[in-house]
Amino acid sequence: MNINSICVCGAGTMGNGIAQAAAQAGFSVILYELNTAVLEKAKNATSENLQMLVGKEKITAEEREKIILLIHYTNDIQTCLADVFIEAIVEKAEIKIALFNQLAELNHSECIFATNTSSLSVTAIAEKIQRPERVIGMHFFNPATIMKLVEVVNTPHTNETTTNTIMELAKQMGKVPVLCKDAPGFIVNRVARSFYTETMRLVEEGHVSVEAADKLLEASGFKMGPFKLMDLIGNDVNYAVSCSVYEQMNKNERFKPSYLQEQKVKEGKLGKKSGEGFYKY
Ligand SMILES: NC(=O)c1ccc[n+]([C@@H]2O[C@H](COP(=O)([O-])OP(=O)(O)OC[C@H]3O[C@@H](n4cnc5c(N)ncnc54)[C@H](O)[C@@H]3O)[C@@H](O)[C@H]2O)c1
């Protein structure tokens with residue numbers, strides 16, 4: 001399928017990065033977000049990110065201008081007309097489903113709905129959308145402008161056109177798409193649960209400090225220690241993924257979410273985005 005336009009929904013941590021990556025690949029992008037303050041912040045962040053790329057001589061000043069012009073920022077859903085929708089809104093199935101259904105009313109019946117969910121069942125979302133064969137997971141990693149991996153998540157309903165279009169789109173965006181089936185946490189987020197929860201357990205039990213755990217794991221080859229990474233991802237988002245995988249794995253003890261992270265979320269210590277998480281920013 002030919003993609004003429006992409007609409008990214010949600011201009012938070014992930015949506016903004018995905019929109020920038022798509023515009024850098026030459027696509028015309030609509031970035032839809034309910035919160036106008038978030039939209040404004042996203043616009044400024046993209047402008048600054050691209051300026052940094054100019055500074056590093058990765059793009060020219062003219063290219064920066066072109067990329068900026070390719071992104072149209074809106075909080076009006078009526079203007080969201082596109083061939084592919086990539087949603088990166090709040091991690092709640094019913095809200096994602098409501099959004100896709102609203103967009104389906106406004107758009108042609110062939111448009112594709114891709115969800116960037118970290119852990120919700122893509123199949124359960126698809127089954128609540130008319131023509132579920134056009135629903136797929138397109139799971140980017142943080143920061144979306146830099147990380148190459150994209151898990152493309154097929155449900156039993158996804159048709160070949162949808163899969164091929166999204167695989168191709170990811171490649172056009174300079175990403176490395178890996179096709180996987182819909183399963184709790186897909187592949188990376190399931191494997192990564194232990195990286196986070198087991199390290200938090202070590203801290204809870206008093207075996208190691210947050211700082212020492214990060215230093216040790218970085219020295220052993222990880223680019224970022226688990227606590228720095230959770231602060232980057234957002235403790236609310238990371239905790240929600242742990243809870244979701246735990247529930248979907250029938251509350252298997254191995255996947256039990258951490259009390260320490262639950263506390264951080266309750267205290268509003270969400271990480272970089274709120275100014276404090278496991279570290280202060
Ligand atoms: N943060 C990560 O590292 C990461 C990585 C991969 C995937 N994800 C997934 O991406 C999604 C977004 O995560 P995030 O970290 O960017 O969240 P975020 O909280 O930074 O951003 C979400 C944005 O969506 C907006 N929003 C909520 N409902 C909306 C609606 N109905 N229409 C339009 N905008 C709406 C919110 O105002 C908010 O700005 C989640 O599903 C999450 O699981 C997150």
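Of the set (1) over 22 Å from residue 95 (Cα atoms); (2) among the acidic types (Asp, Glu); (3) in contact with a strand residue (DSSP E or B) (Cβ under 7 Å, 6 or more places away or on another chain), all apply to residue 151 but (1). Among residues of region 145-191 being among the charged types (D, E, K, R) and surrounded by fewer than 20 Cβ atoms within 10 Å (Cβ to Cβ), the one that is nearest to residue 10 (Cα to Cα) is 148.
Criterion first (at pLDDT below 95 and either small (Gly, Ala, Ser) or in the same structural domain as residue 151 (by TED's automatic domain parsing) (or both)) does residue 240 satisfy it? Yes; evaluated as a whole, the condition is true for this residue.
Screening region 69-102 for residues that are in contact with a strand residue (DSSP E or B) (Cβ under 7 Å, 6 or more places away or on another chain) and of a type in the set (Gly, Ala, Ser) and picking the one that is surrounded by the fewest Cβ atoms within 10 Å (Cβ to Cβ) gives 82. Only helices (runs of 4 or more DSSP H) whose full extent lies in region 145-255 are considered here, and the ones with at least 3 residues that are within 14 Å of the ligand (Cβ to nearest atom) are 188-204, 226-233, 235-248.
Hey, does region 172-187 have a residue that's under 18 Å from residue 246 (Cα atoms) and under 14 Å from the mean Cα position of the chain (by Cα)? Taking every residue of region 172-187 in turn, at least one turns out to be under 18 Å from residue 246 (Cα atoms) and under 14 Å from the mean Cα position of the chain (by Cα). Listed by position, the helices (runs of 4 or more DSSP H) contained in region 1-109 that have at least 1 residues being within 16 Å of the ligand (Cβ to nearest atom) are 13-24, 36-55, 93-106. Looking across region 104-144, the residues that are farther than 17 Å from residue 162 by Cα, crowded, with 18+ Cβ neighbours inside 10 Å and more than 11 Å from the chain's Cα centre (by Cα) come down to 120, 121. Between residues in region 221-240 that are closer than 20 Å to residue 259 by Cβ and without any contact (Cβ under 8 Å) to a residue 60 or more places away in the chain and residues that are within 13 Å of the ligand (Cβ to nearest atom) and among the β-branched types (Val, Ile, Thr), which pairs lie under 6 Å by C-beta distance while being six or more apart or on different chains? Correct list of pairs: 235/265; 236/265; 239/265. When restricted to residues that are in a loop (DSSP other than H, G, I, E, B) and either surrounded by fewer than 17 Cβ atoms within 10 Å (Cβ to Cβ) or within 20 Å of the chain's Cα centre (by Cα) (or both), region 258-268 contains 2.
The values are calculated or read from the model by the stated rules, or taken from the named source; none is laboratory data. Only a predicted model underlies this, so the values are computations on that prediction, with no experimental measurement involved. Quick reminder, even Gly has a Cβ in these numbers, built from the backbone with ideal geometry, and neighbours come from all protein chains shown.
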